[in-house]
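Inspection log for the structure reproduced underneath, given as structure tokens.
The values are calculated or read from the model by the stated rules, or taken from the named source; none is laboratory data. On a predicted model such as this, the values are computed, not experimentally measured, just so you know. Cβ coordinates were reconstructed from backbone atoms using ideal geometry, including for glycine residues, and neighbour counts include every protein chain displayed. When the accessible area is computed, the model is the full protein with side chains, heavy atoms only, and any ligands, DNA or RNA have been set aside. Shrake-Rupley method; radii C 1.70, N 1.55, O 1.52, S 1.80 Å.
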Amino acid sequence: MFKLVTFRRFTAVLGGVVAAVLVAVVVFFVIYAWPAIRLNGWHFFTSNTWNTGNLYANPIERNGRMILPGAHYGILFLIAGTLLSTLIAVVLAVPIGAMAAVFLAECVPAQLRTAVSFFVELLAAIPSVVFGLWGYVVVIPFLGHHVYPWMTAHLGFLPFFSGAPGSGYGLLTAGLVLALMIVPLITATVRDALVSQYRGLRDAALALGATRFETLWTVQLPATRRVLVGSGILATGRALGETMAVLMISGNALNYLPRNIYSPISTMASFIVSQLDSALQDPTGLAVRSLGEVALALLLIAVVVNGAARLLLYYQDRTTGTTT
Amino acid sequence: MAAASASSFVSPRQRHRLRRRLTDGLGWTVSTVAFLLLGAATVSIFWAIAARGAHALDLAIFTQVTQGTAGGLLNAIEGTLLLAAGGLLLAIPPGVAAGIFLAEFGASRFAPVLRFMSDVLVGLPSIVVGYFVYIVAVVDLGWGFSALAGAIALAIISLPYITRTSEMAFRQVPADMRDAARALGATDSHVILRICLPIAASNVLTGVLLALAISVGETAPLLYTAGWSNYMWNGHLTHEPVGYLTYAIWAFITEPFQSAHALAYAAALLVSAFVLVISIASRMLMAASRRPGR
């Protein structure tokens, strides 16, 4: 079989497009953002001002590149908004998702499990923009008028819970909606891990006299640890890159670090949508390339986070033989 | 607890047992509440969309094109279907090929690399894909906002889902089938395309449906690739922006007009209903293919 075009090669080349796309996107953004990376340096991550400069003035030269006077690109507020909203989402979604998985795996009879699970898994099917719409018309008025004022009044003694409750747009709202968007991933993975678990573990613990919940808490859940961590990291990756819902409910703060959990924020992904139009107005092209640098940073975070989660889950597959 | 503290005749052993029983009850209650919380959120989202969308839905939505922030959504419905179909058309060949390669030639050194990169591609933020296609296709290639640019963005997003489900589908084909075919002298391509593909087809279709649902619901990768248009598609693949339903949700809900809100709710209802139907269909397909004696 010394044919040049074998079926195997054919599928490898055609299927290789999938890998090529990822490489192309990463390489493209490195090249595209390179002028901005050179000019912005480390200040890009540590300074808190995104200013495209005076669009009507003549460009001036700095470090051998033409830029608009007053132009300065720093995204500390984006990093803060992205990480904090993701942190809130993950801190809420992991325990709630895992406990909902416990309910589905242990309290629902096997024949009904698929149907009942659908209620949670449907959350994964709802488009981001529909979450945004729901957040905009239902969640924000409710939280802004009723919940947040109550929270400042009664939980104000906690750090970050005091201060102006705002209008409902902001960090906590974004975190809550993001939590709902990522929770089905955690619930589905942990439920499957619990259901497909080796039954001998459970039976041994029950035989020793442990109650069903003690068995679950001390034997069954710890056995899913790696799956829980893996799906938690995957969920983190999703929350970091979420765009539309966050764009519609976060308040789109500019050059502003959150003071409390009600503060308006922007995330890196939502900032790209909200600023691309105005960045295109910059005749030197530096604004749009700096925005490309935001995309590159987001891209690299996503690659690292998803890569780590996958390696962890592959390892789980190999050690236990279960598929996730 | 009340019983335990009220009576001093309760032995430490009984108290211990009571505490264990209470912890048990508390644990199950917490897990039930966690599930109910998520179920309530799902119901709230669908109720909010269904109630408002049903009010907004009338015949004009399906028969008229958008006029500013009023009129109908015919252009957007057509655009959504066009972009999703185009994206699938572009994504299915490489996605299924990658799935076949991973399942059938998994011993290859390239296979783990491809699987890993496909899985990482799932996590790529969709706006990054949109930005990439915008600069490359819309600006550098000069296509402008267009159906083709939008379809390419959706194809990139669909690829890893189709790859993964195709791999799983081909893996589920019993090895005996391949061995039998090979024993009769069939080649690789014959075994895979004529023997395995018909068996795997319904599971591959599940992945295609999943990709379709994602494509119909995507917004961020289309904003700067497909653009928006009030008119019906004129058949041009480039230099002609296309409207789509998710844009109407995002752009019209923040307009101050009642007519704009109605369009946004109607679009949200159409998109959600479509996604719901596809999710149920793909589940039924999956359940049917798992049934023994298929």
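Any residue in region A:212-241 that's over 16 Å from A:Pro95 (Cα atoms) and touching a residue at least 60 places away in the same chain (Cβ under 8 Å): show its pairings with residues that are assigned to a helix (DSSP H, G or I) and open to solvent by 40 Å² or more (accessible area, probe 1.4 Å) at Cβ separation under 7 Å, as long as the two are six or more apart or on different chains.
Every condition considered, the pairs that remain are A:Leu240/A:Ile301.
Counting just the residues of region A:214-252 that are open to solvent by 10 Å² or more (accessible area, probe 1.4 Å) and not in a helix (DSSP H, G or I), which one comes out nearest to the other protein chains (Cβ to nearest Cβ)?
This residue is A:Glu242.
Looking only at region B:233-243, decide whether some residue is modelled with pLDDT of 90 or more, outside any loop (DSSP other than H, G, I, E, B) and either surrounded by 19 or more Cβ atoms within 10 Å (Cβ to Cβ) or within 11 Å of another protein chain (Cβ to nearest Cβ) (or both).
No.
Among the residues of region A:88-114, what is the count of those that are aliphatic (A, V, I, L, M) and either open to solvent by 40 Å² or more (accessible area, probe 1.4 Å) or not assigned by TED's automatic domain parsing to the domain that holds A:Gly232 (or both)? Can you show your working first?
First pass over region A:88-114, keeping only residues aliphatic (A, V, I, L, M): A:88-94, A:96, A:98-102, A:104-105, A:108, A:110, A:112.
Then keep just the ones that are either open to solvent by 40 Å² or more (accessible area, probe 1.4 Å) or not assigned by TED's automatic domain parsing to the domain that holds A:Gly232 (or both); that gives A:91-92, A:96, A:110, A:112.
Matching residues across region A:88-114 total 5.
For region A:260-298, which positions are over 21 Å from the mean Cα position of the chain (by Cα), outside any helix (DSSP H, G or I) and of a type outside the set (Ser, Thr, Tyr)?
Here is the first cut: in region A:260-298, the residues over 21 Å from the mean Cα position of the chain (by Cα) are A:277-290.
With the extra rule that they be outside any helix (DSSP H, G or I), the set shrinks to A:280-285.
A:Leu280, A:Gln281, A:Asp282, A:Pro283, A:Gly285 - these are the residues of region A:260-298 that are over 21 Å from the mean Cα position of the chain (by Cα), outside any helix (DSSP H, G or I) and of a type outside the set (Ser, Thr, Tyr).
Going residue by residue through region B:121-140, is there one that turns out to be within 28 Å of A:Arg9 (Cβ to Cβ), of a type in the set (Gly, Ala, Ser), open to solvent by less than 50 Å² (accessible area, probe 1.4 Å) and assigned by TED's automatic domain parsing to the domain that holds B:Gln64?
No, region B:121-140 has no match at all.
Which of the following residues is within 13 Å of chain B (Cβ to nearest Cβ), open to solvent by less than 20 Å² (accessible area, probe 1.4 Å), among the hydroxyl-bearing types (Ser, Thr, Tyr) and more than 24 Å from the chain's Cα centre (by Cα): A:Thr82, A:Thr11?
Numbers: A:Thr82 fails: more than 24 Å from the chain's Cα centre (by Cα).
Just one listed residue meets the conditions, A:Thr11.
Would you please list the contacts, defined by Cβ atoms under 7 Å and residues six or more apart or on different chains, that run from a residue in region B:134-154 that is closer than 13 Å to B:Leu222 by Cα to a residue that is acidic (Asp, Glu)?
B:Ser146/B:Glu240; B:Ala147/B:Glu240; B:Leu154/B:Glu218
Out of all the residues in region A:115-154, which are part of a helix (DSSP H, G or I), open to solvent by 10 Å² or more (accessible area, probe 1.4 Å) and facing chain B (nearest Cβ under 7 Å)?
Within region A:115-154, A:Phe119, A:Leu122, A:Ala125, A:Ser128, A:Trp134, A:Tyr136, A:Val137, A:Val138 qualify.
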